[in-house]
Structures are given as C-alpha cells and as structure tokens.
Amino acid sequence: MPMFLNPPKSRIILALDTPDRSKSIEIMDQCHDVVDAIKVNYPLVLQEGLFFIKELKEAYGLPIIADFKIADAPVTNNRIVRMAKSCGVSAVMVHGFIGADAVMEIMEVAGDDLGVFIVTELTHPGGLEYTRPHSMQFAEMAAYLGCYGIQAPGTRPDQIRVLRESIGPDMKIIACGIGAQGGVLQEAIEAGADFGIVGRAIYEAHDPKQAAIRIARGRHEDKPVIQGVHVVRYCAETVSYTLRLEPVDEMRELLKQFIAYCKIHRIGLRLNTDDGILLRKDRSIMHLYSNGSCLLSNMPSVEKGEAFGRNWLEEIRSDMQTNL
Ligand code: 3DU
C-alpha cells in the first residue's frame, strides 16, 4: 500500500480549523516544520473554498487529510472524493456507518492517490451513545477492506488499545481529541495510535509553535491548585488539568451529591459508567477515573481554566448548599 502520510516525527496532525485564510497562513508559517500533516475540515473549506487546500499543499508540502467525514449516497461520496483528489489531499475521512459497499466504492475512486481513514468513534460524550457500540465493527470493516487507517478517540486510550488489537499493527490510527478535549498525545501513542490530531491547543495558543513542541515532547508540569486538590498533570497550552483529589472518599461522596443535584435541577449532564464523563453546566467536561482522579477539559481559556481549577470544588459546594 502506498504511504499517504510521512513517517512520524512529532506525531502531530494539525487540525487547521482556523476561521480564514489569513489566520491559517499565520499558524502554518509558525508550525509547518513541527507538525507531520494538516487536517482540514468543513468550516475552513466552506469559508475559503477547495482551492485553498491546493494553496496549503503548494506552500507547505505537508500531507493534507480532508476531514469531510463522508457519509452520503455512493454517487455523492464519490464526487466528494474526486474533488478532494483534485486539490492534492493525501487522505479523506469517511464514516464507517455508510457500510462496506459504499466504502469500497470510495476506495476505488481514491485508488493509489488517496488514503481512506474510517471514522470509528466520536470523542464527544454522545460518541458513546451510537458510535461506541459499533466502533469495533467499523475498525474491522476498515481492516477487511484494506483501508489505510482509522480515526480513534484520543480521549479514550483504552478504546484505542482495543481498536489497535483488532486491526493489527499495519494500519494507521489517527487519534482526535488531543489537547483541548483532554486527550494526551503520549497516552494515545502508547495505546497504539500513530498520530494525534491537535487543533485548538495549537492554533489558539499564545505561541502556537511552542505549544506544538510542548505537546510533542509531552511536557507537563505539576501545579498545586487548592488544598486537597493537586494538579498532577497540567498543560497550559492544552488547557487541560488532571487533578488528584484528596481525600478520595470525600470527593466521591461530594460528586455523588453533585450528580444528584444536577439531576434534580436538570443541568446538562452525562454520566457514563465506563469512563465516567460529566458534562458540566458550563460545558466543560469532567472525566472521572476509578482511581479517584479526574480531568477537566474544554475550558475556553487558560485564565478561566485556572480560576475554575481553583474554585470548582467550592463552586459545587456552594451551588449545592444554595439549591438543595
Ligand atoms: O478539539 P480540537 O480543537 O483539537 O480539534 C479536533 C479536530 O478533530 C476537529 O477538526 C474535529 O472536527 C475533529 N474531530 C474530533 O474532534 C472528534 C472526532 O470524534 C472526530 C473529529
């Protein structure tokens, strides 16, 4: 099979979800020698047109993945793939749920020019509702049909491990959700991914190139926040915190009450038994792990994140005292 992506260096695929051409070029000028590939998605392409992909290709020479999450009738899918091909992308993302016949047609159109990545499981909490139950089947179908690789949830290393075991060592796994959504590049790679997809944690960073370098090196800092809660892993640029909670039992009790509180007050909340994700009312996400640690992500800015990190325990307590 042809190589559609270069051998990994930083292992970062930059999700270039920048608002327009000028911001994209500003970010690419800074980051092109740090990242291994670029992923473009609808918002940028709808804004700037397909031709902009060609321009990125010519300017930076990096492989480009067109994340069009193709999922239509075969006649339409095939046209989209032809258009992607015409502007020099190296690979396309295709939803697994369209079924083997439609994927086979896409692979035929892609030929030796384009790699096909099958989307297996979406990273947001709702991804556990409908894509998780089928993610293994999508991966197995991708392996059976000889696709170039699969997308996997970088926020759930255990699931990457299971998918890697299922497809074997040869296919590529690209893991999205690294950084802003709480995924950690090194954890995804250790679990079997080849590359991590990183967007906001780079293009929204104060210094995008340094952010990319830091993510590639896996640099994390210890930073105590409040008594009883310590940040055991902190990435300023990815705006995510892994907290160790002490004492764990008291926290568990508090969280139980918090969940009850959210239910009573109909606050948007998802609780999944496998990795325990809470979607908080401010739309940040709290991942709870059985060892008592939790990870907060999706915070809109470092400043807000820090304030939230310091105060969240108190916030929950006072919310409950006022409202229960
Ligand atoms: O969360 P970030 O800003 O790092 O961007 C992630 C990119 O990966 C973005 O283009 C999004 O559409 C894509 N993606 C996911 O985040 C999650 C998925 O399950 C599939 C794709």
**Prompt:** Being away from the ligand (no atom under 15 Å from the Cβ), of a type outside the set (A, V, I, L, M) and open to solvent by less than 70 Å² (accessible area, probe 1.4 Å), is that true of even one residue in segment 37-47?
**Reply:** no
**Prompt:** Pick from segment 173-200 the residues that are within 8 Å of the chain's Cα centre (by Cα) and of a type outside the set (Gly, Ala, Ser): which of them is surrounded by the most Cβ atoms within 10 Å (Cβ to Cβ)?
**Reply:** VAL198
**Request:** Scan segment 8-31 for residues that are basic (Lys, Arg) and surrounded by 21 or more Cβ atoms within 10 Å (Cβ to Cβ) and jot them down.
**Result:** ARG11
**Fill in**
Given (1) in a loop (DSSP other than H, G, I, E, B); (2) modelled with pLDDT of 95 or more; (3) over 19 Å from VAL198 (Cβ atoms), GLY88 misses just (2)
**Fill in**
Note on segment 93-105: residues within 16 Å of the ligand (Cβ to nearest atom), closer than 16 Å to TYR148 by Cα and in a helix (DSSP H, G or I) are GLY96
**Request:** Could you grab the pairs with beta carbons closer than 9 Å, sequence gap of 6+ or different chains, first residue in segment 10-25 and free of Cβ contacts under 8 Å to residues at least 60 places away in the same chain, second one among the hydroxyl-bearing types (Ser, Thr, Tyr) and in a helix (DSSP H, G or I)?
**Result:** SER24/TYR203
**Request:** Could you tell me whether any residue of segment 136-149 is within 11 Å of the ligand (Cβ to nearest atom) and either aromatic (Phe, Trp, Tyr) or open to solvent by less than 40 Å² (accessible area, probe 1.4 Å) (or both)?
**Result:** no
**Item:** Filter pass, LEU122 being crowded, with 19+ Cβ neighbours inside 10 Å and part of a loop (DSSP other than H, G, I, E, B)
**Value:** yes
**Message:** I'd like the full set of residues that are over 21 Å from GLY99 (Cα atoms), of a type outside the set (S, T, N, Q) and within 12 Å of the ligand (Cβ to nearest atom), limited to segment 150-159.
**Reply:** GLY154, ARG156
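Could you pull out the residue among SER86, SER90 that is open to solvent by 10 Å² or more (accessible area, probe 1.4 Å), away from the ligand (no atom under 12 Å from the Cβ) and touching a Phe, Trp or Tyr at 6+ places or on another chain (Cβ under 8 Å)? Talk me through it step by step, then tell me what you get.
Working: SER86 fails: touching a Phe, Trp or Tyr at 6+ places or on another chain (Cβ under 8 Å).
Of SER86, SER90, the one residue that is open to solvent by 10 Å² or more (accessible area, probe 1.4 Å), away from the ligand (no atom under 12 Å from the Cβ) and touching a Phe, Trp or Tyr at 6+ places or on another chain (Cβ under 8 Å) is SER90.
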**Message:** Any residue at all in segment 56-71 that's within 16 Å of the ligand (Cβ to nearest atom), in contact with a strand residue (DSSP E or B) (Cβ under 6 Å, 6 or more places away or on another chain), outside any helix (DSSP H, G or I) and modelled with pLDDT under 95?
**Reply:** no
**Item:** Hits in segment 1-49 - residues which are in a loop (DSSP other than H, G, I, E, B), modelled with pLDDT of 95 or more and basic (Lys, Arg)
**Value:** ARG11
**Asked** In the list LEU122, LEU128, which residue meets the criterion of being more than 14 Å from VAL94 (Cα to Cα), within 12 Å of the ligand (Cβ to nearest atom) and among the hydrophobic types (A, V, I, L, M, F, W, C)?
**Response** LEU128
**Asked** Which condition breaks for PHE52 when tested against (1) within 16 Å of the ligand (Cβ to nearest atom); (2) in a helix (DSSP H, G or I); (3) within 25 Å of THR131 (Cβ to Cβ)?
**Response** (3)
**Complete:** Apart from one, (1) in contact (Cβ under 8 Å) with a residue 12 or more places away in the chain; (2) within 16 Å of the ligand (Cβ to nearest atom); (3) of a type in the set (D, E, K, R); (4) over 19 Å from PRO157 (Cβ atoms) all hold for ASP112; the odd one out is (2)
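The values are calculated or read from the model by the stated rules, or taken from the named source; none is laboratory data. For clarity, every value in this text was computed on a predicted model and none was experimentally measured. Virtual Cβ from ideal backbone geometry, glycine too; neighbours counted across all protein chains shown. Heads up: the accessible areas ignore ligands, DNA and RNA and are worked out on the full protein's heavy atoms, side chains in. Shrake-Rupley method; radii C 1.70, N 1.55, O 1.52, S 1.80 Å.
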